[in-house]
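Trainee: One structure, as structure tokens, below. Some questions next.
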Amino acid sequence: MSSATSAGKTPARVTFSYLTSNSLGVVRKLNSVLFPVKYSEKYYKEILAPEVEEFCQLVYYNDIPVGNFTCRLESEPKGRTSLYLMTMGILAPYRSRGVGSQVMKALLDSVTQSQSPKIGRIYLHVQVSNTAGKAFYERHGFKEASVHKDYYKKIEPGDAWVLEKVFTDPSVS
Amino acid sequence: MPPPSLPIPAKRALPSKEATLFRELLTLYETRQLKKGLKTADLILKKYPEHGETLCMKGLLLTHMGRREEGIDLVKKGMRFDLTSHICWHVFGLIQKGEKNYEEALKSYTQALRFDKENLNILRDSAHLQTQLRIFDALVETRHTLLRLRPNLRQNWVALAVAYHLNGELDEARKVLEQYESILKDVPDYDVEHSEMLLYHVALLEEVGQFSEALSLLDTNAKARLIIDRTAVMERRARLLTKLGNVEEAEHAWKALIQQNSDCRDYYKGYLSIKGVDLDTMSEEARQETVRILRTFSEQPPKATVPRRLALEYSKGDEFKELVEPYLFSGLSKGIPSLFVDLKDLYKDQDKQRVIEELVEDASSSSTPSEPPTTYLWSLYFLSQHYLHLRQYSRALNLLDIAISHTPTLPELYTCKARVLKRSGDTYGAAQSLNDARLLDLQDRFLNTKCAKYRLRAGLSDEAQEIFGLFTKKDAPTPASDLEDMQSLMFLTEDGDSHNRSGRLAMALKRYVAVQKTFNEFEDDQYDFHGYSLRKFTINIYMNLVSWEDQARSHPAHVHAAIEGARIFVRVHDNPALRNPQASSGQLTDAGKKAKKRAKKAAQKIQEDPKKTATSANEDKGLEAPAPKDDDPDGTKLLASSEGLEIAAKLLQPLVNLELPSIRLWVTVYDVAVRRKKYLQAVKALLHASTLDPADPEVHVRLVEIRKLWSILPQPPAAPIGSTTSEILEELIPSSTNLETYNAEYLQRGGTSASIVLSAAKASQVLGAPEDEVSSMVFNLFNPDVNLSIKISVEALSYLKVIHSPRVDEFRSRLDSKFELSTIFKPSSEFEAYRKQAIGSSFDMDGGEYVPQ
């Protein structure tokens, strides 16, 4: 099947799009397949907020939605802002193809480019059984900050690593 | 205006002051200064209250101002005072034309012309009416008169040619154009109108078969830059050269066209046609030559799909495999959703079908890491459609489930699953699956509409309206009324069918009649073009319009609506209890009640409307009669009409005129005619049907029925009709036939066909067999050698209900177990649960709603 392999060589297109209320069905569908957690209606309302537009997107592989990432902005003491990565996932058949890294790169770019608010750090939870997940984030500069005991209520194991990446503001240093 | 041809009667003559006022009145009307016009008319009428022409003009003004009834009364009054005035008749004609009563309007215009033979306005309007009514010989005469009166007007020449053309006198038409061209002077450069006229002349010559004259006319004028539509010149040139057999130049011409638009199938077909290529009759050498040519085109830039696809049609065996493989894999890796639809035409050839199946099976047997997972996904999708096409529903469903668990976010997988479920008789599951697809992209109009359609298929009329309502005008009384205004044939047909299946005959009829009305509007719409197209010299496209209009009613939506509408009247005639809305609506669901309430509200709103508009009477409302208010919002009055069969006959008449080759049409015409005791019409219809297929099951029942009926008729119709009917009937089924044997033999011949088994059962019921015998004949559908489809099953089930068989429920439950995937044969007590399932989603989510951006 010579022609088939030659077609396979054309690089796949990975693209992103902002969420709208009309594409929320895809996000719901992906979440239900990707994560063992059922997300609340409040979550689905929050991710549509215009402030987080850059940080909540759908991921397409050859024009088919195969993943998403969603974040929430959190204010911290001293007027600093953190970005909490709520979900990030790619459908199983599309993993190990560099899609995740492209997603992470796009997300980190958005974070560093964000001016108002300026984002001081990005952090997330990873279930302690998910070593591959942890390794992925560490490759992208995340560090283990702590272990959150009994973070998950309904799944085992309940503990989670808190991984974070801190950005130093060039204007301060 | 030319001087009147008759002496002015005393009562029309006005003194000079009023005569001036009257002339003023005419100008005011021409310029649509309605209010001023009305004042002027009143001034004249104050002194001469019986002046017919003024009365008519005042009536016309009032009609324009929306005071229609008052206006028409005045026009009629004015007519009575002055029956020999062309103005009065003209006004009357205008009013009738406004009511779309073209026949009567033409009569009035003809009267007007008697009193003012050379009135240009009236002549022009008459010509339009004659075209609308297709009275072409009179049209030629009118156009002649117009040309004689105004030979300096260019359009009058072309109009006469067109009139001759429509009347079938092509040679006369050609002569008119030739003479016109010979006297024409000073044509400006790049004149589109003149270019169109010349192209029309070329087309005319082509139509009469004078190809070389056509070609030289085309070439001369193209070179002189008088014909400026370059593409049209090239296309016609190529076609004419082909018809003339000028192979070398034709080849060149088609190649040039392909260069210009390499995605136009017709160009390749044209190119191949000079090679004497015809797929059905072509020789082996010609076939190979064709493939060779197409391969050459495929390899040349610009890279187009069309020659590759065409080569698949002409190639065979190993060469086909060699060509189809890259075609398939480029489609699968690009993710072209329509790939299967594009290729399924090749399945006519069993070998090609097998080759494609093998190739895609291979590709989808595993997901190889070297290829993007989407290629694997699209091949699963392709294969699902493939097995759906081959009616291997379980296999298709399995593949779709694999695909959905691989990538659950591709709407196409859910729409395909919906189609598989629909075909396997699970209309509720189908509606649910399409809702799943819709939830993935709430702003996709296609998915929303399709979902609404599937809900209608599942009998969920109200739930469907909710979705249709997302895209209709927000201030429309109901989504349905807006869709009717928008002439959505899909909606009217599907909603009508949905009501029809659920036994809500009145609403079904209402929708079918709305389809009919839409086509009436199509027919009326052409009127303006009779004037406009000639004025603008868009003649070529206008000729297409006229012939399209003549065939418009053969459109499938119109045919379907007319036949199903007529069949409802037949059913109601046979069982008058269906007329009763309670009986016909069956169990009125909550949804049904809600719909009824809404329809009532809508009707009220429409009734309130005229009041609102009547207050502002100053602007021009035109002459078109406003749509009468709907006093039958749910169709019950129409359904209960005592003239149902006559209305049915009228519904069918346009199709009878078109002599459509549809068995269902002719048996319906028969059903209506035989109940109206129009026996000659009935046997003629049956003859039509029988010519199409003498062994058709629907024809068989009726042959038996009419033969039986004829033999026991107390008094045959009078001489000419009676004997002609007899003769045709004798031809269809001889009087010596033993009908029982005839029916038994029919069954024996076609006993494995479900529709024949059912038809024989129906025929034996016609012949007086007892109900239990008929029922058990229907139950023979379950014999293992009978190929029973869902469609026939549904028909058989409703037939058992019609003959009040006590075994209806037994039949239903046997169908339920026979068609495992189906839900349509479930007991009605389970309906509510299925309804909930159908409008829900298989995803874990709340029902989404489309939000306009």
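Trainee: Checking the cross-link filter: which lysines have an alpha carbon closer than 19 Å to that of B:K762, excluding same-chain neighbours under 8 positions apart?
Mentor: Excluding near neighbours in sequence, the set is B:K708, B:K791, B:K801.
Trainee: Let me ask something additional. Pairs of Cα atoms under 8 Å, at least six residues apart: use those to get the relative contact order of chain B, whole percent.
Mentor: Answer for chain B is 9 percent.
Trainee: Can you give me the angle between helix A:99-113 and the longest principal axis of chain A, using Cα atoms only, in degrees from 0 to 90, rounded to the nearest 10?
Mentor: Rounded to the nearest ten degrees, it is 40.
Trainee: Extending each Cα 7 Å along its Cβ direction at B:Q210 and B:S338, get the distance between those two points in nm, one decimal.
Mentor: That separation, rounded to one decimal, is 4.2 nm.
Trainee: Mind ordering B:155-163, A:76-84, B:258-266, B:70-78 by average Cβ neighbours within 10 Å, highest first?
Mentor: Result, highest mean first: B:155-163, B:70-78, B:258-266, A:76-84.
Trainee: While we're on this one: Hey, if we sort B:H530, B:H86 by accessible area with the 1.4 Å probe, largest down, what's the order?
Mentor: Correct descending sequence by accessible area is B:H86, B:H530.
Trainee: Under a 5 Å amide H to amide H cut-off, with H placed in plane at 1.01 Å, what residues pair with A:G141 once short-range neighbours are removed?
Mentor: Correct list: empty.
Trainee: Shifting gears a bit: Accessible area of B:F136, 1.4 Å probe, to the nearest 10 Å²?
Mentor: Rounded to the nearest 10, that gives 30 Å².
Trainee: Could you pull out every residue, at least 5 positions away or on a different chain, whose amide H is within less than 5 Å of the one on A:H148? Hs are placed 1.01 Å off N in the peptide plane, and Pro or chain starts have none.
Mentor: Close amide H contacts, sequence-distant or interchain: A:A160, A:W161, A:V162.
Trainee: Considering Cα pairs under 8 angstrom that are at least six residues apart, work out the relative contact order of the stretch B:457-584 and quote it in whole percent.
Mentor: 24 percent.
Trainee: Quick check: Cα centre of the stretch B:229-255 to Cα centre of the stretch B:350-400, how many Å?
Mentor: With the stretch B:229-255 and the stretch B:350-400 each reduced to a Cα centre, they are spaced 43 Å.
Trainee: Right, next: Amide H of B:I824 versus every other amide H placed in the peptide plane: which residues, excluding those fewer than 5 positions away on the same chain, fall under 5 Å?
Mentor: B:T427
Trainee: Show me the ranking of peptides B:492-501, B:315-324 by mean Cβ neighbours inside 10 Å, starting with the highest.
Mentor: Going from most to least packed, we get B:492-501, B:315-324.
Trainee: Average partner chain C-beta neighbours within 10 Å, per residue of A:26-33?
Mentor: Mean number of neighbouring Cβ atoms from other chains: 5.
Trainee: Another question, if that's okay. Round to the nearest 10 and report in Å² the accessible area of A:V27, as given by a 1.4 Å probe over the protein chains' heavy atoms.
Mentor: Surface open to solvent at A:V27 totals about 0 Å².
Trainee: I need the phi-derived Karplus couplings for the stretch B:787-803: 6.51 cos²θ - 1.76 cosθ + 1.60, θ = phi - 60°, integer Hz, Gly and Pro marked x.
Mentor: 8, 8, 9, 5, 4, 5, 4, 4, 5, 5, 4, 6, 5, 4, 5, 4, 8
Trainee: For the stretch A:14-166, what number of Lys pairs, 8 or more residues apart or on separate chains, have alpha-carbon atoms under 18 Å from each other?
Mentor: Going through the stretch A:14-166 pair by pair, I get 15.
Trainee: So, one more: Can you work out ³J(HN,Hα) from phi for every residue in the stretch B:534-541, in order, using Karplus 6.51 cos²θ - 1.76 cosθ + 1.60 and θ = phi - 60°, giving whole Hz and x for Gly and Pro?
Mentor: Values, residue by residue: 6, 5, 8, 6, 8, 6, 4, 6 Hz.
Trainee: Now for a different question. Quick one: net charge around B:Y164, please, counting Lys, Arg +1 and Asp, Glu -1 for every other residue with C-beta under 13 Å from its C-beta.
Mentor: -4
Trainee: Once the principal axes of the Cα atoms of chain B are found, what is the range along each, listed largest first in whole angstroms?
Mentor: Sorted from largest, the Cα extents of chain B read 95, 71, 69 Å.
Trainee: Excluding B:Y428 itself, what net charge comes from residues whose Cβ is under 12 Å from its Cβ, given Lys and Arg +1 and Asp and Glu -1?
Mentor: +2
Trainee: Let me ask something else. In terms of the Cα gyration tensor, with a ≥ b ≥ c the square roots of its eigenvalues, is the stretch A:14-166 rounded because a/c is under 1.5, prolate because a/b exceeds b/c, or oblate?
Mentor: rounded
Trainee: Given a cut-off of under 8 Å on Cα pairs at least six residues apart, what relative contact order in percent is computed for the stretch B:646-685?
Mentor: 35
Trainee: When the accessible area of each residue in the stretch A:43-74 is compared between its chain alone and the complete protein assembly (1.4 Å probe; ligands, DNA and RNA ignored), which residues differ by at least 20 Å², being lower in the assembly?
Mentor: With the partner chains in place, the stretch A:43-74 has these residues losing at least 20 Å²: A:Y61, A:N62, A:I64, A:P65.
Trainee: Additional query: For the protein assembly as shown, take the alpha-carbon Rg, divide it by the Kirkwood Rh, and send me Rg/Rh.
Mentor: 1.02
Trainee: Rounded to the nearest 0.05, what FRET efficiency do B:K517 and B:D229 give with R0 = 56 Å and r taken as the Cβ-Cβ distance? Could you check?
Mentor: Working from the Cβ atoms, E equals 0.90.
Trainee: Hey, how many Å between the Cα centroid of the stretch B:717-782 and the Cα centroid of the stretch A:98-170?
Mentor: After rounding, the separation between the Cα centres reads 79 Å.
Trainee: Which three semi-axes in whole Å describe the equivalent ellipsoid of the stretch B:1-117, each the square root of 5 times a Cα gyration tensor eigenvalue, listed largest first?
Mentor: Whole-Å semi-axes of the equivalent ellipsoid: 20, 18, 12.
Trainee: Also, quick follow-up: Mind pulling the angle between the C-alpha long axis of helix B:284-299 and the longest principal axis of chain B? Nearest 10 degrees, somewhere in 0 to 90.
Mentor: Helix B:284-299 and the main axis of chain B meet at about 80 degrees.
Trainee: Same structure again: Could you state how much accessible area B:T231 has, in square angstrom rounded to the nearest 10, with a 1.4 Å probe and all protein chains kept in place?
Mentor: Here the residue's solvent-accessible area equals roughly 60 Å².
Trainee: Contour minus end-to-end for B:V192 and B:F471, with contour as 0.36 nm per residue of separation and end-to-end as the Cα-Cα distance?
Mentor: Additional length available on full extension: 96.5 nm.
Trainee: Could you tell me the distance between the Cα centroids of the stretch B:36-109 and the stretch B:635-684, to the nearest Å?
Mentor: The two parts, judged by their Cα centres, are 40 Å apart.
The values are calculated or read from the model by the stated rules, or taken from the named source; none is laboratory data. Just so it is clear, the structure is predicted and the values come from calculations on it, not from any experiment. Positions of Cβ are generated from backbone atoms using ideal geometry, with glycine treated the same way; all protein chains shown enter the neighbour counts. Surface areas here come from the heavy atoms of the whole protein model, side chains and all, with no ligands, DNA or RNA. Shrake-Rupley method; radii C 1.70, N 1.55, O 1.52, S 1.80 Å.
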